[in-house]
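Engineer: Sharing a structure with you now.
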Amino acid sequence: MQNILARNKRLKLLLTPLILFGIIAIAMVLSVIFKYRTIEEISQMPFERVFFGIGETLVLVFFYNYVIRKLNVKYPWAQNWLIRSLIDFIVALFFPVLMITAFNLAFNFGWLQNHGPDDKYKIMMYIMPLMISALLMVVVEMIVATEERNKLEIKLANLEKEQIKSKYAALKEQLDHHFLFNNLSVLSSLIYESTEKADRFIQDFASIYRYVLSINKQDLVSVNEELEFIETYLNLYKFRFEDGFSFKVNICENCYYYLIPPLTLQVIVENVFKHNVVSKKHPLTLEIIYSNQTLLISNTLQAKNSTEDSTQTGQQNLIEKFKLLNCDSPTFEERGGNYIVQIPLIKPSDD
């Protein structure tokens with residue numbers, strides 16, 4: 001990967017002088033088309049200077065790339081913009097002056113043909129190098145700035161992704177521990193009622209907790225898996241409350257392939273029993289149905305008379321869980337004497 005990035009960086013730098021001389025070539029063609037210059041005038045231009053200019057531009061591009069990257073470390077724009085501007089100006093001026101001096105010496109010693117002091121020659125010899133040097137400095141600055149910004153964005157994106165993973169893992173761990181604590185509390189109460197019930201509860205609970213452990217590292221599970229788990233989980237409550245509780249799961253097989261965060265239904269069911277009265281005198285009913293790519297979990301609303309305010313931790317955990325997975329959040333509402341939770345399902349392709 002690093003080799004590919006380095007190669008792409010060199011290709012960008014090589015492309016800069018090619019674009020520059022492509023623009024010059026197009027300008028010459030247009031000057032002939034619009035009769036600003038003739039072909040004869042263009043043919044008399046010092047083309048050896050142009051060819052030397054290509055080599056000079058390549059050297060400048062890689063030289064400026066090296067210098068700018070070093071300056072970005074020692075004199076970054078955000079901290080020393082005035083000093084940095086002055087250094088850039090000196091660097092952009094120094095190299096062309098050095099090259100012009102070298103060409104003048106070459107002309108004086110007869111190593112290159114001297115075209116005399118005509119204006120066209122002066123433009124090609126003195127003015128163009130300075131303009132090209134300044135242009136290349138700006139272009140390379142833009143290339144380096146863009147690369148560094150892209151690297152920073154990738155780094156921030158990776159950091160955010162790792163933070164989300166860490167936060168989500170911590171949230172799943174919190175739910176797992178909460179699940180274990182509550183069911184051990186149920187087991188504790190059953191022991192005093194009947195050892196036979198407690199033994200059967202332990203066997204069923206062991207089966208349920210195997211599921212909890214198996215999905216510990218999964219962000220999503222199939223609706224079918226989650227429903228099989230929650231039916232067993234509801235059977236435990238049915239086993240405990242007997243005629244005081246009834247439930248119905250009305251789900252078509254077509255929705256089994258959808259995905260859902262694990263233990264979502266368990267959190268909802270847990271809240272149902274936490275906040276509602278369950279007794280033979282006031283039986284609690286719960287229904288899970290599928291509707292329009294969502295699961296609707298509805299229960300009769302018969303709130304406990306409690307002086308403690310609900311912290312709504314379960315709801316907030318669920319909302320946070322879906323948010324971290326970048327999914328639509330669940331909704332919670334009271335309607336017609338029922339409390340209804342709507343859980344959006346996720347298509348496998350969205351995972």
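Engineer: How many residues does segment 194-232 hold that are assigned to a helix (DSSP H, G or I), touching a residue at least 60 places away in the same chain (Cβ under 8 Å) and open to solvent by 50 Å² or more (accessible area, probe 1.4 Å)?
Structural biologist: Here the count works out to 0.
Engineer: Could you pull out the residue among Asn250, Asn292, Asn235, Asn254 that is more than 29 Å from Lys323 (Cα to Cα), at pLDDT below 90, open to solvent by 70 Å² or more (accessible area, probe 1.4 Å) and out of contact with any Ser or Thr (no Cβ under 8 Å at 6 or more places or on another chain)?
Structural biologist: Within the list Asn250, Asn292, Asn235, Asn254, the selection yields Asn235.
Engineer: Being at pLDDT below 65 and open to solvent by less than 50 Å² (accessible area, probe 1.4 Å) is the filter here; which residues of segment 119-149 pass it? Spell out the reasoning first.
Structural biologist: Here is the first cut: in segment 119-149, the ones at pLDDT below 65 are 119-126.
Selection gives Tyr121, Met124, Met125.
Engineer: Check segment 171-184 and report whether any residue there is modelled with pLDDT of 75 or more and open to solvent by 50 Å² or more (accessible area, probe 1.4 Å).
Structural biologist: Within segment 171-184, one or more residues are modelled with pLDDT of 75 or more and open to solvent by 50 Å² or more (accessible area, probe 1.4 Å).
Engineer: Now, a different point. Quick one: would you say Ala106 is open to solvent by 90 Å² or more (accessible area, probe 1.4 Å), at pLDDT below 85 and small (Gly, Ala, Ser)?
Structural biologist: When the stated conditions are applied, Ala106 does not pass them.
Engineer: Kindly indicate whether any position in segment 302-321 is surrounded by 20 or more Cβ atoms within 10 Å (Cβ to Cβ), at pLDDT 90 or above and not hydrophobic (A, V, I, L, M, F, W, C).
Structural biologist: No, that holds for no residue.
Engineer: Please go through segment 266-306 and pick out each residue that is in contact with a Leu (Cβ under 9 Å, 6 or more places away or on another chain), more than 18 Å from Cys255 (Cβ to Cβ) and part of a strand (DSSP E or B).
Structural biologist: Asn276, Leu286, Asn299, Thr300
The values are calculated or read from the model by the stated rules, or taken from the named source; none is laboratory data. Source: prediction; values computed, not measured. All Cβ positions, glycine included, derive from the backbone under ideal geometry; neighbour counts span all protein chains shown. These accessible areas exclude ligands, DNA and RNA; they are computed on the full protein's heavy atoms, side chains included. Shrake-Rupley method; radii C 1.70, N 1.55, O 1.52, S 1.80 Å.
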